Structure formats: C-alpha cells, structure tokens
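Working notes, structure below.
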Amino acid sequence: MKAGILYAAKDIRIGEASMPEIKPHEVLLESKAAGICGTDLHIYLGEFEGRVAYPAIQGHEFGGVIVEVGSEVTGYKVGDRVAVDPVISCHSCPACVTGHINACRTLKLLGVDLDGGYGQYVAAPSSHLFPLPDSVPMTHVPMVEMYALGHHILQRGQVQPGETVALLGAGKLGLSILDVLCHSVSPGVTIVTDLQPFRLETAQKLGADQAININEVDPVERVLELTSGVGVDCVIEAVGHYHLPEGQEAPLAQAVKMIRSGGRVVTTGLGEQHSAVHFKTLVLKEAQIIASRVTRGEFPRAIQMMSRGLLHPDLLITEVQPLDEITAAFAQVESEDPCTIKVVLEI
Ligand SMILES: [Zn+2]
Ligand SMILES: [Zn+2]
C-alpha cells in the first residue's frame, strides 16, 4: 500500500509499506484524512528518536471507512465511517487500574508508537472507533481528536460557566480548546495571548473577548488590568515550545501570576524547555497546577458538537493537501508560516 513514511529525521516521503494484518478484535480501515499536529512535527524533526522507530507511518488524528472486520468485532460493518481514538493503554499498570488510562505507563499511540493514518490502510482496535455522522465531512475528521483534547483540558480545569479564562497560546491546540470553550461552557470573559496577529484574529472570530499580542503588551499586566487586579479563575497553558519577547517569563510562570487566589492552571504544552515558577506566589494563592495529557472518553462529545455544527473546523483547517504532497506539507508546517493553523492530509 501507499503511505507517507518517515525514513529518518526530516526525511518524509511517499513510499510502499506492507498491508496491515488485523487481529480478531480489530478492523481494517481505509484512512481518509489525517492531521499534522505539533507532535508530528517534533517526530519529523527527530525529537522522538528512541520512541519512534524508522521507517514510521505517522498520523494520530485520523479516521476513515471500514473495509474489513475482525472475527470478534461486533457493532461495526464494512462501509462504516469512523474516527479513531489513537490512545492504546495497558489497563493493568497503577495509572490504568485507578482510571488514569490516558497516563498509562506504557501508553502507545497509533501514529506515534504504532502505524497511523498517513498510510492508505490502518489496523485499529474496534474499541477505539467512534461512528462519524454523515454531517461531518472526512476532511474534518482530524479535528475530532483536537476537540476531544479541548474537552479533556476543560474538564481537567473544571471550567464553569461564567468564569474568566486566560488561554496562553493560540496555535492548533489553543484554538481548538478555545472553540470548545466558547461553544460549550459559556465562559464569562475569555482572554487569549499569542504573538501572531492572524491567530489572534482567528481567536476573536471563535469568540475570544480579548486578544493580547505579547509582542505589544505584557500579558500578565494586561490580564490583571482586565480583571481589576484579581486575576482569572482558570489559565490554560497551550504554548508548548515557546519564543518570548525580551524580558517575559515562561508561559507557566506567567500563568501563576495571572491566576486568582484559589484558581486553577492547566498545563498541556509539550515543550522541552524548563519553566521557573515562583512557588511562593502559587502557595500564597493556594492555586493549583494541573497537567492534561491526551484524552479519556471525550471523542463522543467532540463528534456530537461537530455534527450539530457548533464548532468551527473550517476556521482552524487552513489547508487540505493530498497525501502525495506530504513532503511539502511538513516543510510548510516546519516553516511556522503565521497564517497556517491546521494542515490536513487527504489520504
Ligand atoms: Zn496531536
Ligand atoms: Zn497502563
């Protein structure tokens, strides 16, 4: 079969891969669309060497049409359109047995540790499939995982209607969280920070009340000014690898200064950099820092909202490219073009 294959760091191109063989509880899926995520870029750049073995078939935000069903699969048939939850947990480690299956000690992701959606065909466990209504086009299917992440992050932060929320970072993930936040939680005031005007404009289109360009304004000062010095109820850090204007602290350090007493900070970026947090400030506020990793059961909610047209994937998917253009598509994502948000490959 044809696949977009990562042969070595920064060497991704179309190649031939062997057809996946399915186990009794799996289905064979014809992949239809797969997103390029920040994690995919890190893998492409070689930052996952040791975890990801070459040649690798990436693509963990994907879905498609079932073409073969394993002997023990029930509830699905050939021709069904589905989204795939890529998180594979062991169900026996201490994290799994206490319900934290998304932080499994040996967690594996289809498209990271196992072959994923950049191949024409993928073997996927039937327990990880979610039916996709006809009202959701296949080019939107990569957004199911992104929106499920948004639901998980908001659940981790226990964000309530009417609360003030600051979202740091209006990239692919930040804007997906924002879309879910503005259209499911009814926040009081939503403040977004970034340094790219296009992303900030998109944030406002999605419903952000305040868009702060950190190249022009100190985000901590501005958030405190907007909340009469009190701080926000919840800060969501979705920056990951950061580039900051001279003199500004790391996003997590900013978050601790922006939060109100007793508030919550949710951190979800996967940057390698260290963040020096002033813990005395955190203690005096008795605030919480909560981490959020992948998803845990939020796919149906994401699909439901998409099928009802409550979310805005068309604003976030700035480009759809055929699989044959995978080399150029990764080069484009790597270039950090300020007007590119989500790039989707049509398989
Ligand atoms: Zn991802
Ligand atoms: Zn486990």
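The values are calculated or read from the model by the stated rules, or taken from the named source; none is laboratory data. A quick note: this is a predicted structure, and the numbers were derived from the prediction, not measured. In this analysis, Cβ positions are derived from the backbone assuming ideal geometry, glycine residues included, and neighbour counts consider all displayed protein chains. Calculation scope for accessible area: heavy atoms of the full protein, side chains included, ligands and nucleic acids excluded. Shrake-Rupley method; radii C 1.70, N 1.55, O 1.52, S 1.80 Å.
Assorted remarks:
- Ranking His60, Leu107, Met146 by Cα position along the charge dipole of the chain, where only Lys, Arg, Asp and Glu carry charges on their C-beta atoms, puts Leu107 farthest toward the positive end.
- Cleavage-rule hits (trypsin sites (Lys or Arg not before Pro)) in segment 244-347: DSSP loop, at most 13 neighbouring Cβ within 10 angstrom: Arg308
- In segment 207-262, Rg over Rh equals 0.93, where Rg is the alpha-carbon radius of gyration and Rh the Kirkwood radius from pairwise Cα distances.
- Annotation: amide H of Gly171 has no partner in the under-5 Å range at sequence separation 5 or more or interchain, hydrogens built in the peptide plane.
- Using only Cα coordinates, the Kirkwood hydrodynamic radius of segment 171-233 works out to 12.0 Å.
- Per-residue SASA entry for His25, accessible area with 1.4 Å probe, Å² rounded to 10: 80
- Rounded to the nearest 20, the size of the Cβ-charge dipole of segment 251-347 about its Cα centre is 1040 debye, with Lys and Arg at +1 and Asp and Glu at -1.
- Under a 5 Å amide H cut-off, with hydrogens placed 1.01 Å from N, Gln321 pairs with Val344, Leu345, Glu346 among residues at least 5 apart or on other chains.
- Equivalent ellipsoid semi-axes, segment 116-247, via Cα gyration tensor eigenvalues times 5, rooted, Å: 31, 17, 13
- With one equal scatterer per alpha carbon and no solvent term, the Debye-computed log10 I(q)/I(0) for segment 1-102 at 0.10, 0.22, 0.24 1/Å reads -0.36, -1.24, -1.27.
- ³J(HN,Hα) computed for each position of segment 154-162 - Karplus, 6.51 cos²θ - 1.76 cosθ + 1.60, integer Hz, glycine/proline x: 5, 5, 4, x, 6, 5, 10, x, x
- Think of segment 190-347 as a dipole: +1 on every Lys or Arg Cβ, -1 on every Asp or Glu Cβ, centred on the Cα centre; then among Gly262, Pro219, Ser307, Gly262 lies furthest on the positive end.
- Taking θ as phi - 60° and the Karplus parameters 6.51, -1.76 and 1.60, the scalar couplings of segment 203-217 work out to 4, 5, 4, 7, x, 5, 7, 10, 10, 9, 8, 5, 6, 10, 9 Hz in sequence order, x denoting glycine and proline.
- Electrostatic dipole magnitude of the chain [Cβ: Lys, Arg +1; Asp, Glu -1; Cα centre; debye, to 20]: 980
- Here the dipole of segment 228-299 is about 240 debye; that uses its Cα centre as origin and unit charges on the Cβ of Lys and Arg (positive) and Asp and Glu (negative).
- The phi-based Karplus calculation (6.51 cos²θ - 1.76 cosθ + 1.60; θ = phi - 60°) puts the 3J(HN,Hα) values of segment 245-255 at x, 2, x, 8, 7, 4, x, 5, 5, 4, 4 Hz, whole numbers, x for Gly and Pro.
- Panel values: segment 107-161, Kirkwood radius from alpha carbon pairs, Stokes-Einstein at 25 °C and 0.890 mPa s, translational diffusion coefficient 182 µm²/s.
- Carbon + sulfur, % of accessible area of segment 236-289 - ligands and nucleic acids excluded, 1.4 Å: 53
- In this structure, His278 and Val189 have a Cβ-Cβ separation that, at R0 = 30 Å, corresponds to a calculated FRET efficiency of about 0.75.
- Distances between placed amide hydrogens fall under 5 Å for Leu270 paired with Gly240, His241, all partners being 5 or more residues away or on another chain.
- Using alpha carbons only: equivalent-ellipsoid semi-axes of segment 47-135, gyration tensor based, whole Å: 24, 18, 11
- Take every Cα pair under 8 Å whose residues are at least 6 apart in sequence, average their separation, divide by the length of segment 176-228, and the relative contact order is 33 percent.
- Counting every alpha-carbon pair across segment 68-182, the share separated by more than 25 Å comes to 36%.
- The chain: proportion of alpha-carbon pairs further apart than 26 angstrom, %: 49
- Extreme residue, positive dipole direction of segment 260-347, given options Ile289, Gln273, Leu316 (C-beta unit charges): Ile289
- Within segment 247-347, the proportion of Cα pairs with more than 21 Å between them is 60 percent.
- Here, segment 67-112 is characterised by an Rg to Rh ratio of 1.10, where Rg is the alpha-carbon radius of gyration and Rh the Kirkwood radius.
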